[in-house]
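I have placed the structure first, in the form of structure tokens, so that the comments after it can refer back to it.
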Amino acid sequence: MSTATITPRALADLCARGQAIALIDVRTPAEYRELHVAQARNLPLDQLDQRTMAQARDAALQEPLYVICRSGGRARQACEKFLSFGDANVVNVEGGTLAWANCGLPVVRGQKAVSLERQVRIAAGSLVLLGAALGWFVHPAFFGLSAFVGAGLVFSGVTDTCGMGLLLARMPWNRVQGSADACGMSQNVQH
């Protein structure tokens, strides 16, 4: 079963007509704090499990749950998780928060953060460079580090999943200190 999608403009039109929508943002709390759609609640992808997914629902299961991220990839993964738990009424917001902002729709801006995608590129590049340098100057076996990271990048591209991204999402600098509600949603976002 494929995931349903909606354009940012169509979702904004639903909001403008006064329709109550349930919208979750599955990016890290730091990314959410930087820029998010006003109606979105933060529920990071790495924290999604069956219990938190059930709690994420504001309305009855008959109402769609809209899912958004930075550009659509993590939201699609979250929708697939919902589908695997039997909740077929989930909708991925096409193009994510970036598309929403590019349409000129209202967003909440907060403290600047380095996106998770940039963090992955920085970490992967650093590990490849480190492996090459150690392989050249210390011992050729260190070239294996570069090969391992390269294989991980190929796997990530083929499967559209990123283990390094999931790991980095759990790092302290991607967490927001403060209280959380019953669903684990961050409550200390500055508007």
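The values are calculated or read from the model by the stated rules, or taken from the named source; none is laboratory data. From a predicted model like this one, the values you see are computed outputs, not experimental measurements. Note that we place each Cβ from the backbone using ideal geometry, even for glycine, and neighbour counts take in every protein chain shown. Remember, those area values only see protein heavy atoms, side chains included, never the ligands or the DNA or RNA. Shrake-Rupley method; radii C 1.70, N 1.55, O 1.52, S 1.80 Å.
On the basis of being part of a helix (DSSP H, G or I), at pLDDT 90 or above and crowded, with 18+ Cβ neighbours inside 10 Å, does Trp136 make the cut?
Answer is no for this residue.
How many of the residues making up region 33-48 are open to solvent by 30 Å² or more (accessible area, probe 1.4 Å), within 20 Å of Arg175 (Cα to Cα) and at pLDDT 90 or above?
4
Could you pull out the residue among Arg70, Arg76, Arg51 that is in contact (Cβ under 8 Å) with a residue 24 or more places away in the chain, outside any loop (DSSP other than H, G, I, E, B) and open to solvent by 40 Å² or more (accessible area, probe 1.4 Å)?
Arg76
Taking the residues in region 111-120 that are assigned to a helix (DSSP H, G or I) and surrounded by 13 or more Cβ atoms within 10 Å (Cβ to Cβ) as candidates, determine which candidate is modelled with the highest pLDDT.
If we take residues in region 111-120 being assigned to a helix (DSSP H, G or I) and surrounded by 13 or more Cβ atoms within 10 Å (Cβ to Cβ), then Val120 is modelled with the highest pLDDT.
Just to check your reading of the model, which residue among Ala101, Ala12, Ala30 is open to solvent by less than 40 Å² (accessible area, probe 1.4 Å), touching a strand residue (DSSP E or B) at 6+ places or on another chain (Cβ under 8 Å), outside any loop (DSSP other than H, G, I, E, B) and not β-branched (Val, Ile, Thr)?
Ala101
For region 15-27, how many residues meet the condition of being of a type outside the set (A, V, I, L, M, F, W, C) and crowded, with 24+ Cβ neighbours inside 10 Å?
2
Exactly one of (1) surrounded by 16 or more Cβ atoms within 10 Å (Cβ to Cβ); (2) not in a helix (DSSP H, G or I) is unmet by Val149. Its number?
Among (1) surrounded by 16 or more Cβ atoms within 10 Å (Cβ to Cβ); (2) not in a helix (DSSP H, G or I), the lone unmet condition for Val149 is (2).
I need the full set of residues from region 82-98 which are surrounded by fewer than 17 Cβ atoms within 10 Å (Cβ to Cβ) and part of a loop (DSSP other than H, G, I, E, B), in order please.
Correct list: Phe85, Gly86, Ala88, Asn89.
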